[in-house]
Amino acid sequence: MSRPILSHTFAGRKLKVDLFPQECDGMVDCPYGTDATPTMNIFGDLNTKSGLETVIHETLHVLRWAESEEVVAKTAKELARFLWRLGFRIEK
């Protein structure tokens, strides 16, 4: 079993990563304009297509903070669908 990650660096900006197995999606702190380490919260089961989409969605917010929610949601859905079809899954 792999160890859960505690942080990750996106485009040169380190974020804390918290995973919560609940029935919600996720959220991320603004990665810019603060000295504090922002946090990405992921809620739900990562071993589902929905969980994969949430991880992609929140990552897109970090990488493209100014993008609209509509663009982020659409892009995340398309990427998750493609990766899921390729067989990407979380190993437990």
Checked segment 42-54 for anything open to solvent by 50 Å² or more (accessible area, probe 1.4 Å) and within 22 Å of THR9 (Cα to Cα); matches are GLU53
Need pairs with beta-carbon distance below 8 Å; first residue more than 17 Å from LEU52 (Cβ to Cβ) and hydrophobic (A, V, I, L, M, F, W, C) and within segment 12-36, second open to solvent by 90 Å² or more (accessible area, probe 1.4 Å) and at pLDDT 70 or above; sequence gap 6+ or separate chains.
CYS30/TRP65
Within segment 82-92, restricting attention to residues that are free of Cβ contacts under 8 Å to residues at least 40 places away in the same chain and exposed (fewer than 14 other Cβ atoms within 10 Å of the Cβ), which residue is nearest to HIS8 (Cα to Cα)?
PHE88
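Within segment 9-31, identify whether any single residue is β-branched (Val, Ile, Thr), modelled with pLDDT of 90 or more and open to solvent by 50 Å² or more (accessible area, probe 1.4 Å), and answer yes or no.
Step one: list which residues in segment 9-31 are β-branched (Val, Ile, Thr), which gives 9, 17, 28.
From what is left, the residues that are modelled with pLDDT of 90 or more are none.
Among the residues of segment 9-31, not one is β-branched (Val, Ile, Thr), modelled with pLDDT of 90 or more and open to solvent by 50 Å² or more (accessible area, probe 1.4 Å), which makes the answer no.
Mind checking which residues of segment 59-75 are within 14 Å of TYR32 (Cβ to Cβ), surrounded by fewer than 15 Cβ atoms within 10 Å (Cβ to Cβ) and not acidic (Asp, Glu)? Talk me through it step by step, then tell me what you get.
Residues of segment 59-75 within 14 Å of TYR32 (Cβ to Cβ): 61-67.
Then keep just the ones that are surrounded by fewer than 15 Cβ atoms within 10 Å (Cβ to Cβ); that gives 63-67.
Passing the criteria: LEU63, ARG64, TRP65, ALA66.
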Among the residues of segment 71-87, is any at pLDDT below 85 and either under 14 Å from the mean Cα position of the chain (by Cα) or part of a loop (DSSP other than H, G, I, E, B) (or both)?
no
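The values are calculated or read from the model by the stated rules, or taken from the named source; none is laboratory data. Remember, it's a predicted structure, so these values are computed and weren't measured experimentally. All Cβ positions, even for glycine, are placed from backbone atoms using ideal geometry, and neighbour counts span all protein chains on display. Accessible surface is based on the protein model in full, side chains and every heavy atom, while ligands, DNA and RNA are left aside. Shrake-Rupley method; radii C 1.70, N 1.55, O 1.52, S 1.80 Å.
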